[in-house]
Amino acid sequence: MSQSVLGSAGVAAQAGRRRTFAVISHPDAGKSTMTEALALHARVIGQAGAVHGKGDRRGVVSDWMAMEQERGISVTSAALQFSYRDTVINLLDTPGHADFSEDTYRVLTAVDSAVMLLDAAKGLEPQTLKLFEVCRQRGIPVMTFINKWDRPGLDALALMDEIEQRIGLRPTPLTWPVGIAGHFHGVVDRRTGVFTRMQRSPGGADLAIEEEMSAAEAAQQFGGDWDTANEELELLALSEADYDEKDFLAGRSTPVLFGAAVANLGVRQLLNVLLELAPAPSARPTVSGTDRPVDGTFSGFVFKIQANMNRTHRDQLAFVRVCSGRFERGMVVTHAGTGKPFTTKYAQQMFGQGRDTIDEAFPGDVIGLVNATALGIGDTLYAGDAVQFPPLPSFPPEHFAVVRTSDTSTFKRFRRGIEQLDGEGVVQVLRSEQRGDQAPVFAAVGPMQFEVATHRLEAEFGVKVQLDRLPYEVAARTDAAGREILRTEANVEVMTRVRDGALLAVFPHKWRMRTIAGRHPELRLD
Ligand code: G4P
């Protein structure tokens, strides 16, 4: 069925059924466990564990990249799609752990909301804060799930304070736990007042056992824990902690839920909140200043490129977030940057580590285009009415290394390889005046990006390189006047980002940056 047959009302209805989000969390907070629990609830997979090859389920190892295999980690973002009731949920993976990289941030350009998953014993942790900052900058509404309530942790009210104090987001708990962390009996729904007792199923692998209980019954069963929860609920009622849609969508407040993903406790409530409160895909700003409505003709943008996922085919997969219209496999779309046609015969949908061919997709969905060597990060594709989405932001790098090849006979390939990696966004490539073209500088958000880059230079371009880490940790944009000022300072270097010509001042640490900025109030650093 083509879009004209489905009609724009049909496309708008499909967009309205979609929820596209990512889970942001620090390693070990339980993101993989939550992903599996959500999918289990949606009954897409019969048994938790079919999605990520982790832990004792390591049997499901991806064969995408040799390095991935050796290290037993996933370098690739997977987009997981499942239906729950009448809603299509697209859960985009933000790689964590050692593979934290620009890719992780870029995923957040393709979502409409995020779930911030906190470990009840640890509260806000560094990686969560970094990811949250990106959500804030991009205006992405954030829901919060306090995980691991089944084992000892921090006090619930103290966690609410921490969220408010440290990130300035007003917590509006939708559910409230009865029982401290480690003695979890269930939650009170703050909007209805209904208490649901929750127990893990025997073995914990199946949905939780839930039972609604009257206040009298709960008081009898849980005594002091019930009283404490009620006192806390009264405090919350007095402290502007009620859900407010406008504040949530504007990124001023965050709905909060409690649970334990490993035992499937509170996961159903989270899914329901995603359906009820998380925003559906909406019109997207374009470079012309007008928004592309979801029911326009097809458009999308590339937010991630994955090369060599399949060693026998050496292909390159571009992940496209659909922004408007109906995508149909085989349709010929236009690449906005070059104006050239691009055929989508090999469109795929990612499900964990497997791939399925897809026939159609709607706003909010993610499609993987195979053999997409002509596509780069941030590129716009469209059919029908022309459109161009703004380029994806570059994220401030925190790791820097000079890259050299000692074999001059491979220099041409070295240059070509570096250009390719830069275009794909594997690393940012900087040019330093003092080092020259022979020794470009790689800059990255996470050190794993360096490993991927050197591995690919060797495997795909046959170039062995040596990487020397530079003692810098902070970068800020500056301008030509700034470059002149910084020439007079020690312990700072100005480099040009090859991709967009931006001037980056790099410092060993933020204190050095602050000292220099303090000495030169006219200096542009942002
Ligand atoms: P990540 O993707 O965020 O890194 O976290 P992951 O899901 O791998 O979970 C990290 C650890 O935390 C795992 O334990 C997992 O079982 C545990 N976990 C996740 N959710 C909960 C929860 O709600 N309650 C409790 N008590 N634990 C939870 P592990 O020992 O590292 O691995 P495993 O052997 O249990 O798989």
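Every number in this text was worked out from the coordinates using simple rules, so none of it is lab data. Owing to the predicted nature of the structure, the values given are computational and were not obtained by experimental measurement. Cβ coordinates were reconstructed from backbone atoms using ideal geometry, including for glycine residues, and neighbour counts include every protein chain displayed.
The fraction of all Cα pairs in region 169-321 landing in successive 5 Å bins from 0 to the largest distance is 2, 8, 13, 14, 13, 11, 10, 9, 8, 6, 4, 2, 1, given as whole percents. Computed from Cα atoms, the angle from the helix 267-276 axis to the main principal axis of the chain rounds to 70 degrees.
Between Asp244 and Ser83, 0.36 nm times their residue separation minus their Cα-Cα distance comes to what? Spell out each step's value before the answer.
On the way: separation 161, 0.36 × 161 = 57.96 nm, distance 2.67 nm.
Extending this stretch completely gives an extra 55.3 nm.
Students often get this wrong, so check it: of Lys340/Lys412; Lys31/Lys130; Lys122/Lys148; Lys148/Lys304; Lys31/Lys122, which have C-alpha atoms separated by over 20 Å? Violating the 20 Å limit, Cα to Cα: Lys340/Lys412; Lys148/Lys304.
Each 5 Å bin, from zero up to the one with the longest distance, holds this percent of the alpha carbon pairs of region 399-519: 2, 11, 22, 23, 18, 11, 8, 4, 1, 0.
Taking the Cβ-Cβ separation of Arg477 and Ala237 as r and a Förster radius of 56 Å, what is the calculated FRET efficiency to the nearest 0.05? Each step should come with its number before you reach the end.
Details: r = 46 Å, r/R0 = 0.81.
So the FRET efficiency works out to roughly 0.75.
Between the helical axis of 448-461 and the longest alpha-carbon principal axis of the chain there is an angle of about 50 degrees. A full extension of the chain between Glu164 and Lys464 corresponds to an added length of 103.1 nm, given 0.36 nm per residue minus the alpha carbon distance. With a cap of 15 neighbouring Cβ atoms within 10 Å, and only residues DSSP puts in a loop, list the GluC sites (Glu not before Pro) found in region 183-267. For GluC sites (Glu not before Pro) across region 183-267 that sit outside H, G, I, E and B with at most 15 neighbouring Cβ atoms in 10 Å, the list reads Glu240.
Relative to the longest principal axis of the Cα atoms of the chain, the long axis of helix 215-237 lies at roughly 50 degrees. Its alpha carbons give region 183-268 an Rg and a Dmax of 14.5, 41 Å. Computed per residue of the chain from DSSP H runs no shorter than four, each worth -39500 (n - 2.57), the mean residue ellipticity at 222 nm is -8500 deg cm²/dmol.
Modelled spin-label separation between Asp385 and Arg413, with each label point placed 7 Å from Cα along the Cα-to-Cβ direction: 4.8 nm.
Within region 99-191, report the trypsin sites (Lys or Arg not before Pro) that DSSP leaves as loop and that have at most 11 other Cβ atoms within 10 Å.
Counting only loop positions with at most 11 other Cβ atoms within 10 Å, the trypsin sites (Lys or Arg not before Pro) in region 99-191 are Arg191.
What is the list of residues in region 389-422 whose amide nitrogen lies under 20 Å from a point 7 angstrom out from the Cα of Ala490, following Cα to Cβ? Once the point is set 7 Å along Cα→Cβ of Ala490, nothing inside region 389-422 turns out to lie under 20 Å by backbone N. Between Ile209 and Arg191, residue separation times 0.36 nm minus the direct Cα-Cα distance comes to 4.3 nm.
Give the percent of DSSP beta bridges with both residues in the chain that are antiparallel, rounded to the nearest 5.
Working: 73 of 96 bridges.
Percent antiparallel among DSSP bridges in the chain is about 75.
Panel values: the chain, Kirkwood radius from alpha carbon pairs, Stokes-Einstein at 37 °C and 0.692 mPa s, translational diffusion coefficient 133 µm²/s. Here the dipole of the chain is about 1840 debye; that uses its Cα centre as origin and unit charges on the Cβ of Lys and Arg (positive) and Asp and Glu (negative). Think of each Lys and Arg Cβ as +1 and each Asp and Glu Cβ as -1; about the Cα centre, that makes the dipole of region 167-212 roughly 260 debye.
Translational diffusion coefficient of region 358-428 at 20 °C, 1.002 mPa s, Stokes-Einstein with Kirkwood Rh over Cα pairs, in µm²/s as a whole number.
Details: Rh = 15.7 Å.
For the chosen part, D equals 137 µm²/s.
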